[in-house]
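*Asks:* My structure is below; once you've seen it, I'll send some questions.
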Amino acid sequence: RDIFDLDLLNLKESTFEGKVKIQFYDIQDASFYNTKFQDLADFYRTKFYKVNFEKTDFKNIAVFSESEFYCDVNFNYTKFLATSIFKDTVITGKLNLRDTIFKDEANFLDIKLSKVGNRETARIIKDSFEQQNNIIEANKYYALEMKEREKELEKDLKNGKNFFEWLVFKIHGISSNHSQDWLLALFWILNITFSLL
């Protein structure tokens, strides 16, 4: 399939009543600010080097399968009102879903992220895997969620806040790697048991 190069795609303040397929494109700069997709929005195998999805509404299926983002991706105040598919999507920058609304199922199977932008992003992806009973992938994003929470608590601690919560969090991390390592928990149980005898 041919790849099409596009320097600028400016669809700000636009409403699309029918299906939109922007597939197999290399787009240097794309803006979907305050854009409304009433029907299917399909970005299959499209590469983005700079993109803005702020205040975008996807009222029907949104497909980002095998898309590649060579930038930070922020879905600020964006609504996914139907199924959203991020299967095999590659994001080399940060992904931010903190202010994103998902009303239906989101599929993040085999997404490749270099970094989650915040704890809420990791929680949303974890939750989508839990809904699909994919516990292995859910646990991976739970661990990322806990790392982001640790950063938040360390910042609070520097400001003299939440010492007790930070302490409980650290103990939970040391004792079981936030419920990710049952062998570590077993080690501590046995260690404490034998030291008390």
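The values are calculated or read from the model by the stated rules, or taken from the named source; none is laboratory data. Everything quoted here is computed from the prediction, not taken from an experiment. With ideal geometry, Cβ positions are generated from the backbone for all residues, glycine too; neighbour counts draw on all protein chains shown. Note: accessible area is taken over every heavy atom of the protein model, side chains too, but ligands, DNA and RNA are not part of it. Shrake-Rupley method; radii C 1.70, N 1.55, O 1.52, S 1.80 Å.
*Asks:* With respect to the numbered conditions (1) surrounded by fewer than 17 Cβ atoms within 10 Å (Cβ to Cβ); (2) acidic (Asp, Glu); (3) over 20 Å from residue 62 (Cβ atoms), which one is the sole condition not fulfilled by residue 105?
*Replies:* Exception for residue 105: condition (3).
*Asks:* Just one of 88, 110, 99 is at positive phi, among the acidic types (Asp, Glu) and in contact with a helix residue (DSSP H, G or I) (Cβ under 9 Å, 6 or more places away or on another chain); which is it? Can you show your working first?
*Replies:* Details: 88 fails: in contact with a helix residue (DSSP H, G or I) (Cβ under 9 Å, 6 or more places away or on another chain); 99 fails: at positive phi.
Of 88, 110, 99, the one residue that is at positive phi, among the acidic types (Asp, Glu) and in contact with a helix residue (DSSP H, G or I) (Cβ under 9 Å, 6 or more places away or on another chain) is 110.
*Asks:* For the stretch 1-37, enumerate the residues that are under 16 Å from residue 75 (Cβ atoms) and touching a strand residue (DSSP E or B) at 6+ places or on another chain (Cβ under 8 Å).
*Replies:* Going residue by residue through the stretch 1-37, those that are under 16 Å from residue 75 (Cβ atoms) are 11-12, 30-37.
Selection gives 11, 12, 30, 31, 32, 33, 35, 36, 37.
*Asks:* Here is a list: 92, 121. Which entry is part of a helix (DSSP H, G or I) and without any contact (Cβ under 8 Å) to a residue 60 or more places away in the chain? Please lay out each step first, then the result.
*Replies:* Details: 92 fails: part of a helix (DSSP H, G or I).
On inspection, the qualifying residue turns out to be 121.
*Asks:* How about the stretch 30-55: which of its residues are within 19 Å of residue 108 (Cα to Cα), open to solvent by less than 60 Å² (accessible area, probe 1.4 Å) and part of a loop (DSSP other than H, G, I, E, B)?
*Replies:* 40, 43, 46, 53
*Asks:* Inspect all residues belonging to the stretch 131-138 and state whether any of them is modelled with pLDDT under 95, open to solvent by less than 50 Å² (accessible area, probe 1.4 Å) and outside any helix (DSSP H, G or I).
*Replies:* Within the stretch 131-138 (the criterion being modelled with pLDDT under 95, open to solvent by less than 50 Å² (accessible area, probe 1.4 Å) and outside any helix (DSSP H, G or I)), the answer is yes, since at least one residue qualifies.
*Asks:* Please determine, by comparing only the residues of the stretch 76-89 that are among the hydrophobic types (A, V, I, L, M, F, W, C) and part of a strand (DSSP E or B), which one is least open to solvent (accessible area, probe 1.4 Å).
*Replies:* As a first pass, look at the stretch 76-89 and keep what is among the hydrophobic types (A, V, I, L, M, F, W, C): 80-82, 85-86.
Add one more test, that the residue is part of a strand (DSSP E or B), and what stays is 80, 85.
Values: 80: 1, 85: 44 Å².
Only one residue tops the list, namely 80.
*Asks:* Okay, moving on. Can you find a residue that is of a type in the set (Asp, Glu) and more than 9 Å from the chain's Cα centre (by Cα) anywhere in the stretch 112-121?
*Replies:* Quick first cut of the stretch 112-121, residues of a type in the set (Asp, Glu) only: 120.
Checking the rest, the ones that are also more than 9 Å from the chain's Cα centre (by Cα) come to none.
Checking the stretch 112-121: not a single residue is of a type in the set (Asp, Glu) and more than 9 Å from the chain's Cα centre (by Cα).
*Asks:* Report, ordered by the first and then the second residue, all pairs with beta carbons closer than 7 Å, sequence separation of six or more or different chains, a first member in the stretch 128-140 that is more than 14 Å from residue 87 (Cα to Cα), and a second member that is open to solvent by 40 Å² or more (accessible area, probe 1.4 Å).
*Replies:* 131/105; 138/130; 139/180
*Asks:* Quick check on residue 175: is it assigned to a strand (DSSP E or B), open to solvent by less than 80 Å² (accessible area, probe 1.4 Å) and not acidic (Asp, Glu)? Quick ask: steps written out before the conclusion?
*Replies:* Details: assigned to a strand (DSSP E or B): no; open to solvent by less than 80 Å² (accessible area, probe 1.4 Å): yes; not acidic (Asp, Glu): yes.
Here the answer is no, as residue 175 does not meet what is asked.
*Asks:* Out of the residues in the stretch 56-75 meeting the condition of being more than 12 Å from residue 114 (Cβ to Cβ) and under 12 Å from the mean Cα position of the chain (by Cα), tell me which one is surrounded by the most Cβ atoms within 10 Å (Cβ to Cβ).
*Replies:* 75
*Asks:* A further question on this structure: Taking the stretch 14-57 as the search range and keeping residues that are without any contact (Cβ under 8 Å) to a residue 24 or more places away in the chain and among the hydroxyl-bearing types (Ser, Thr, Tyr), which one is nearest to residue 3 (Cα to Cα)?
*Replies:* Checking each candidate, the answer is 25.
*Asks:* Kindly list the number of the only condition in (1) more than 30 Å from residue 85 (Cα to Cα); (2) touching a residue at least 12 places away in the same chain (Cβ under 8 Å) that fails for residue 111.
*Replies:* Condition not satisfied by residue 111: (1).
*Asks:* When you look at residue 126, is it open to solvent by 80 Å² or more (accessible area, probe 1.4 Å), at pLDDT 85 or above and closer than 21 Å to residue 73 by Cα, yes or no? Spell out the reasoning first.
*Replies:* Working: open to solvent by 80 Å² or more (accessible area, probe 1.4 Å): no; at pLDDT 85 or above: yes; closer than 21 Å to residue 73 by Cα: yes.
In short, no.
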